[in-house]
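**Q** Next up is a structure, given as structure tokens.
A short reminder: the numbers here are calculations on the coordinates, not readings from a lab. Note that the coordinates shown come from a computational prediction; the quantities given were computed from them, not determined experimentally. Don't worry about glycine lacking a Cβ; one is built from the backbone with ideal geometry, like all the others, and counts go over all protein chains shown.
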Amino acid sequence: MCVRLRIRIAAVALLGTAAVLAPAGAPAQLTGAGVTTAAAGPAPARQRELVALLRQDCGACHGMRLTGGLGPPLTAEALYAKPADSMTETILSGRPGTAMPPWRHFMTESEAAWLVARLRNGTIDAPDSR
Amino acid sequence: MLAGCAAPLPLRGTGDLGVVIERAIGRLQVVDTSAHATLGTVDGLGDLSHASVVYSRDGRYAYVFGRDGGLTKVDLLERRIDRRTLQAGNSIGGAISQDGRVVAAQNYAPGGVKLFDARTLALLADIPSAVGPDGQRSKVVGLADAPEGRFVASLFDAGEIWLIDARNPRMPRITRFRGIGRQPYDGLVTPDGRYYVAGLFGEDGVALVDLWHPERGATRILDGYGKGEARLPVYKMPHLRGWAIADGYAFLPAVGHHEVLIVDTRTWREVGRVAVAGQPVFVIARPDARQVWVNFALPDNGKVQVIDTETRRVTATLAPGRAVLHLEFTPRGEEVWISVRDDNRVVVYDTATLARVATLAANAPSGIFFTSRATRIGF
């Protein structure tokens, strides 16, 4: 199944990232909330942190409801047709020459891939949308 | 309170009132800066991420610009929505004209500026922005009011500054300044109303228009201020709006550097820099200009630093809590209110002693806006 495959690749890539990052220290906001397992995504506490980061800090540019701002919308509608790996890469490395910064120091590759998967299928918790 | 059977509201002025945005729940608090108290809340304001506020000149009404394009006129005294309109798909803020009659909204999508009757919120003019390199109408940033019934704004994608003469608001006249630099991200009008300053994100530099002499065009200042230093990632765009002009000097956030740049506003030359704890977001002078307060982007957003404008040194580093989003001085600056999003509170400091004098509970507070803005040029 292609979803499974993608997650496995992400998990392998994570090992690579960790090795590269090791000399510079671990990503700044990893709180040790739990071991990331490939099948289930980050541990629940870490998932909440990532969703909060997405809403609040990504939201500064993409809108708290992800409907766009200085950065483009990150809604399922906007993202589902775009390749997941390149979205993950955009999150980790940013886009030089644009306002999109790299988030490598705030999350691992598998966490970025998890965010992208959730964004693309629209299963990021809806905010209080009154 | 039920409007029908309520006793008449006690008479009071609004000079010591303001609002705190609770962005995640689309609500605002009406606060009293003398009492350090929340007087009440107003909700139903839509998506308030990146919300900003301007005031009617009598200080009674707050015009709240929401991300979802909502423009809401809130009555601070009765604590209710007076009018509300959904004026765009994606908006970022606005301004009010010198005479208080026209409210202008700056929009991302569809990109442009719209002018409204401040009393009724009826649309007076729709000014589409120029198209940027991606073929879309440019996002509009840095909208501010200027003397003689004008507004000034910047076009992020197209790299232009527009001077909008709105004396006849149904027939605004536009003067375009092109090629001012790549990706202006915000702008300010100096407190005396003379200059418009637009920060550039796409290059190291700042664009300047002398509003006394628009015929001289836009000039470039601080060219290449980051030369020779690696540019750090910017996790949040700095904001220029705020009273960042102190004692004849402009204190401006460097983009991609942990520095505040100091520029002499007579010559517009850099005269110094202050190393600070992170990427500055808001750089705001206390109203008497003796101190400049700075907050920061992630990962340094738990700190606030105080710069002494005489020695140009950081004299204090405060830790108000997790995710400091905004700060606002009381009208004469004896206190500063700081919103701390992730601790769900607003913290009030005495600016002379730096002691905490009050804490107010608020749901993920972001912007804080006091009615003293009503009387300031460029707010």
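**Q** Compute the Cα gyration tensor for segment B:237-286, then decide on rounded, prolate or oblate, letting a ≥ b ≥ c be the square roots of its eigenvalues: rounded whenever a/c is under 1.5, prolate when a/b is larger than b/c in the other cases, and oblate in all that remain.
**A** Since a/c reaches 1.5 but b/c is at least a/b, the shape of segment B:237-286 is classed as oblate.
**Q** Same structure, new question: Of chain B, which part is the longest with no trypsin sites (Lys or Arg not before Pro) in a loop (DSSP not H, G, I, E, B) and with at most 13 other C-beta atoms within 10 angstrom?
**A** Here the longest run is B:13-169.
**Q** If you don't mind, another one. At 0.36 nm per residue, and after removing the present C-alpha to C-alpha distance, how many nm does the segment from B:R80 to B:R173 gain when stretched out fully?
**A** Residue separation times 0.36 nm, minus the Cα-Cα distance, leaves 30.0 nm.
**Q** Okay, next question. Among the lysines, which have Cα under 27 Å from the Cα of A:K82 when same-chain residues fewer than 8 positions away are ignored?
**A** The qualifying lysines are B:K139, B:K236.
**Q** Please say if the protein assembly as shown is rounded, prolate or oblate, where rounded means a/c under 1.5 for a ≥ b ≥ c the square roots of the C-alpha gyration tensor eigenvalues, and otherwise the choice is prolate for a/b larger than b/c and oblate otherwise?
**A** It is rounded, given that a/c, with a ≥ b ≥ c, falls under 1.5.
**Q** Based on DSSP H runs of at least 4 residues, each adding -39500 (n - 2.57), what is the mean residue ellipticity at 222 nm of the protein assembly as shown after dividing by all its residues, to the nearest 500 deg cm²/dmol?
**A** -3500 deg cm²/dmol
**Q** Name the residues of segment B:281-310 whose amide N is less than 17 Å from a point 7 angstrom out from the Cα of B:A275 along the C-beta direction?
**A** B:305-308
**Q** What is the ratio of the Cα radius of gyration of segment B:87-234 to 2.2 N^0.38 Å, with N the residue count, to two decimals?
**A** It is 1.03.
**Q** Same structure again: Name the aspartates and glutamates eligible as straight-distance cross-link partners of B:K114: C-alpha to C-alpha under 20 Å, and not fewer than 8 places from it in the same chain.
**A** B:D47, B:D68, B:D82, B:D99, B:D126, B:D145, B:E148, B:D157, B:E160, B:D165, B:D186
**Q** How would you classify chain B from its alpha-carbon gyration tensor, with a ≥ b ≥ c the square roots of the eigenvalues: rounded for a/c under 1.5, else prolate if a/b is greater than b/c, otherwise oblate?
**A** Oblate.
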